[in-house]
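Worksheet: one structure, shown below.
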């Protein structure tokens, strides 16, 4: 069987795209590896109508709604490779299965590479965060740490005083110039240059000189890349962003390979659940139009 569309990635963006296509009565195969980026978080915030909800339940509810459409097929599996061209794509799964489709949509999400600090990764999504709009309010104006990874961390440190008292740990990753230092000082941000030894307890920063500084939460700017290289296997170009790399797309969410589209965190910045859903919905509608007007 040849599907109208194969969606690689069944999280929020992929499902939002699939919904538009299913409602256009197109045959859709969703291949999902089951690795939502926010799987470590107990609550989702800032998503209208779902503020404070369990992100796993948001995803499960969306999947149940998609499964009400008869033209959906859903496979839990890992897509390793994509090949072919417009109207003749093939996707190969890790278990050896292969599927064909007229169009492809990459909604793979991204991986997060964090600073190599003992104890940081284990607290990702629990007391270590990226987005203040998603997690800042719940810190209740408490003390906030920002661990620098590059220039974007200076932006984080300038913004986060909206949510609490901020300390910027440069940790050898960035040196604020005089103007930025003055701006941070005017915002009440403390700059700490002593290297970090490890993170302990809820969000305690232990420095190399032995000092222990407790915080309500920690923010850091992770480096991102598409969660899997499946889009690259097809030849899709990547582009650089302040956060890492993403799949390059045009305004209609089509990649550098005609007939292959991409959406969500893997194909846009900045990142959030709300923005991923919106991006997916637009990608689904644009992809449908490419089926209706294939020569446009």
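The values are calculated or read from the model by the stated rules, or taken from the named source; none is laboratory data. As the structure is a prediction and not an experimental result, all values here were calculated from the model. Please note: Cβ atoms are built from the backbone with ideal geometry, for glycine as well, and neighbour counts cover all protein chains shown.
Just one of 148, 157 is in contact with a helix residue (DSSP H, G or I) (Cβ under 7 Å, 6 or more places away or on another chain), crowded, with 22+ Cβ neighbours inside 10 Å, closer than 20 Å to residue 270 by Cα and not assigned by TED's automatic domain parsing to the domain that holds residue 248; which is it?
Only one candidate passes the filter, namely 157.
Please enumerate the residues belonging to the range 81-120 that are outside any strand (DSSP E or B), touching a strand residue (DSSP E or B) at 6+ places or on another chain (Cβ under 9 Å), surrounded by fewer than 17 Cβ atoms within 10 Å (Cβ to Cβ) and on the phi < 0 side of the Ramachandran plot.
Result: 86, 94, 97.
Look through the range 239-251, keep the residues that are touching a strand residue (DSSP E or B) at 6+ places or on another chain (Cβ under 8 Å) and in contact (Cβ under 8 Å) with a residue 12 or more places away in the chain, and return whichever of them is surrounded by the fewest Cβ atoms within 10 Å (Cβ to Cβ).
241
Would you tally the residues in the range 198-217 being assigned to a strand (DSSP E or B) and surrounded by fewer than 23 Cβ atoms within 10 Å (Cβ to Cβ)?
So the answer is 8.
Kindly provide the set of residues from the range 23-43 that are loosely packed, with under 13 Cβ neighbours inside 10 Å and in contact with a strand residue (DSSP E or B) (Cβ under 7 Å, 6 or more places away or on another chain), ordered by number.
34
Give me a count of the residues in the range 145-173 that are farther than 15 Å from residue 133 by Cβ and in a loop (DSSP other than H, G, I, E, B).
7
Inspect the range 220-235 for any residue being within 19 Å of the chain's Cα centre (by Cα), exposed (fewer than 14 other Cβ atoms within 10 Å of the Cβ) and in contact (Cβ under 8 Å) with a residue 40 or more places away in the chain and give the result as yes or no.
no
From the residues in the range 44-73 that are in a strand (DSSP E or B) and buried (at least 17 other Cβ atoms within 10 Å of the Cβ), which one is farthest from the chain's Cα centre (by Cα)?
72
For the range 266-284, which positions are touching a strand residue (DSSP E or B) at 6+ places or on another chain (Cβ under 7 Å) and over 14 Å from residue 239 (Cβ atoms)?
Listed by number, the residues that qualify are 273, 283.
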